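Notes to accompany the following structure.
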Amino acid sequence: MKEFEYQLQIIEKHLDTFGHVNNATYLELYEQARWDIISSRGFSLEEIQSHKIGPVVLDLNLKFQAELRNRETITIKSKVLGMKNKYAMEMEQQMIKSDGKVASTMLISFGLFDLKERKLLLPTKEWNEAIGFES
């Protein structure tokens, strides 16, 4: 499967009162990386709103492994692992510190959702291409 990399700098708005990244912010940053993947590959917010079909998170497991601090540059690596069932795919995402240490790992299951019918769809060719999934 194709692996994607998204680089960003941790900034003050990401921090909690302890001076490290707030736990909920990890989810936002991982989502930012996923949007970067699909938007750059033809599955933008405009496309989703136009066709009324888009991604939906089904479940996730987030593991914190090393502290992230202010002004650190990190890389988020994302890769689809495969189909979890006929509707859901599983992706692994990791936040990697500049020294190579893994700061967190998230396993996330997601599907393609029909906004009009309010139901999950089988993955389309366009969706598979947008997330780098090769069946």
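The single condition among (1) modelled with pLDDT of 95 or more; (2) in a loop (DSSP other than H, G, I, E, B) that M89 does not satisfy is (2).
Of all residues in segment 65-90, those that are more than 19 Å from V21 (Cα to Cα) have Cβ atoms under 6 Å from Cβ atoms of residues that are among the hydroxyl-bearing types (S, T, Y) and part of a strand (DSSP E or B), 6 or more apart or on another chain, in K84/S109; A88/S109; E90/S109. Among the residues of segment 27-42, those identified as more than 16 Å from T73 (Cβ to Cβ), surrounded by 14 or more Cβ atoms within 10 Å (Cβ to Cβ) and of a type outside the set (D, E) are L27, Y30, R34, W35, I37, I38, S39, R41. For segment 61-70, a residue qualifies if it is of a type outside the set (G, A, S) and in a loop (DSSP other than H, G, I, E, B), and the qualifying residues are Q65, E67, L68, N70. Could you please let me know if S104 is polar (S, T, N, Q) and under 16 Å from R41 (Cβ atoms)? Considered against the rule, which asks whether it is polar (S, T, N, Q) and under 16 Å from R41 (Cβ atoms), S104 comes out as no. Filtering segment 21-60 to residues that are over 18 Å from L81 (Cα atoms), part of a strand (DSSP E or B) and either out of contact with any His (no Cβ under 9 Å at 6 or more places or on another chain) or free of Cβ contacts under 8 Å to residues at least 24 places away in the same chain (or both) leaves I53, G54. Looking across segment 46-95, just one residue is surrounded by fewer than 16 Cβ atoms within 10 Å (Cβ to Cβ), hydrophobic (A, V, I, L, M, F, W, C) and touching a helix residue (DSSP H, G or I) at 6+ places or on another chain (Cβ under 7 Å), and that is L62. Residues that are more than 14 Å from the chain's Cα centre (by Cα), within 15 Å of K2 (Cβ to Cβ) and either touching a residue at least 12 places away in the same chain (Cβ under 8 Å) or in a strand (DSSP E or B) (or both) do not occur anywhere in segment 100-118.
The values are calculated or read from the model by the stated rules, or taken from the named source; none is laboratory data. All values derive from a computational prediction rather than experimental measurement. Don't worry about glycine lacking a Cβ; one is built from the backbone with ideal geometry, like all the others, and counts go over all protein chains shown.
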